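S.K.: Pasting a structure here, questions to come.
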Amino acid sequence: MNTSPWNKQKVLEVLRDAGVNPTSQRVEIGFALFSSCAHLSAEEIMQRVNADYPVVSKATVYNTLGLFAEHALVREVIVEPGKVFYDPNVSAHYHFYYVDSGDLIDIPASSLEISNLPELPPDTEIERVDVVIRIRRRNTH
């Protein structure tokens, strides 16, 4: 049983409210991402969407995720070159990345204090600070 508060009508409304034209493919991609409440790669999202809607191309998935990020509907979390997760939690928080398993888990913003940031270049302001702490399980053998 799916206990997610998300349904396709809610996704459609969220997209409209964010100024994103809710095409059927965008709604399907949004539903796959938002209803999972998980950090997913574009490939994982494509697999979920195409399980029920087998006409969404890789390019459409990537373009849609980029559009969602542009409109602050998701956060792109780059854990290493070529490895990007899409996070439907856009509130302030950070991440642990397990390099051995590829899992990504949230760290509440209140658990990490960032201080002594460098002086910013003239005419700039901080948009966001991203922190990914790379960890691995200890070898207990």
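Read-outs throughout are calculated quantities, based only on the coordinates presented, and are distinct from any laboratory measurement. As the structure is a prediction and not an experimental result, all values here were calculated from the model. Note that we place each Cβ from the backbone using ideal geometry, even for glycine, and neighbour counts take in every protein chain shown.
S.K.: Determine, for each peptide in 58-66, 17-25, 105-113, 32-40, the mean count of other beta carbons within 10 angstrom over its residues, then list the peptides with the highest first. It would help to have the intermediate numbers written out before the result.
M.R.: On the way: 58-66: 16.9, 17-25: 13.3, 105-113: 10.8, 32-40: 19.6.
Going by the mean number of other Cβ atoms within 10 Å, highest first, we get 32-40, 58-66, 17-25, 105-113.
S.K.: Using amide H atoms built in the peptide plane, which far-off residues or other-chain residues are under 5 Å from R75 H to H?
M.R.: D87, N89
S.K.: Follow-up. Using Cα-only point scatterers and the Debye equation, what is log10 of I(q)/I(0) for region 8-49 at each q in 0.29 Å⁻¹, rounded to two decimals?
M.R.: So the normalised log intensities work out to -0.99.
S.K.: Could you give the angle, 0 to 90 degrees to the nearest 10, between helix 58-70's Cα long axis and the longest principal axis of the Cα atoms of the chain?
M.R.: 60 degrees
S.K.: Once the mean 1/r over all distinct Cα pairs of region 54-106 is inverted, what Kirkwood radius in angstroms do you read off?
M.R.: Value: 12.3 Å, from the Cα pair sum.
S.K.: Continuing with the same structure: What residues qualify as long-range amide H neighbours of L40, i.e. H under 5 Å apart, gap of 5 or more or another chain, H built at 1.01 Å from N?
M.R.: Correct list: Y86.
S.K.: Compare the Cα positions of F68, A42, F85 along the charge dipole of region 29-110 (+1 at Cβ of Lys, Arg; -1 at Cβ of Asp, Glu; about the Cα centre) and return the one farthest towards the positive end.
M.R.: Result: F68, furthest along the dipole toward the positive end.
S.K.: Just tell me which lysines come within less than 20 Å, Cα to Cα, of K83; anything on the same chain fewer than 8 places away is out.
M.R.: K58
S.K.: Go ahead and set up a Gaussian network model of the chain, Cα springs under 10 Å, then flag whichever of R26, R128, R16 fluctuates most.
M.R.: Residue with maximal mean-square fluctuation among R26, R128, R16: R128.
S.K.: On a full-extension model of 0.36 nm per residue, what is the gain between T140 and A109, subtracting their alpha-carbon distance, rounded to one decimal in nm?
M.R.: 8.1 nm
S.K.: Only bridges whose two residues both fall in the chain count here: according to DSSP, what percent of them are antiparallel, nearest 5?
M.R.: Approximately 75 percent, going by the DSSP bridge assignments.
S.K.: A further question follows. To the nearest 500 deg cm²/dmol, what mean residue ellipticity at 222 nm is calculated for the chain from DSSP H runs of n ≥ 4 alone, each contributing -39,500 (n - 2.57), summed and divided by the residues? Don't skip to the answer; put the middle values down first.
M.R.: On the way: 4 runs with 45 residues, N = 141.
Estimated from H runs of four or more residues: -9500 deg cm²/dmol.
S.K.: Still on this structure: If you take Rg/Rh (Cα atoms, Kirkwood Rh) from the coordinates, which of [x] 1.26; [y] 1.06; [z] 1.01 do you get?
M.R.: [z]
S.K.: Out of V99, V77, V129, any idea which swings most in a Gaussian network model of the chain, alpha carbons joined below 10 Å?
M.R.: V129
S.K.: Also, quick follow-up: Please work out the C-alpha center-to-center distance from region 116-141 to region 7-43 and express it in whole Å.
M.R.: For region 116-141 versus region 7-43, the Cα centre distance is 28 Å.
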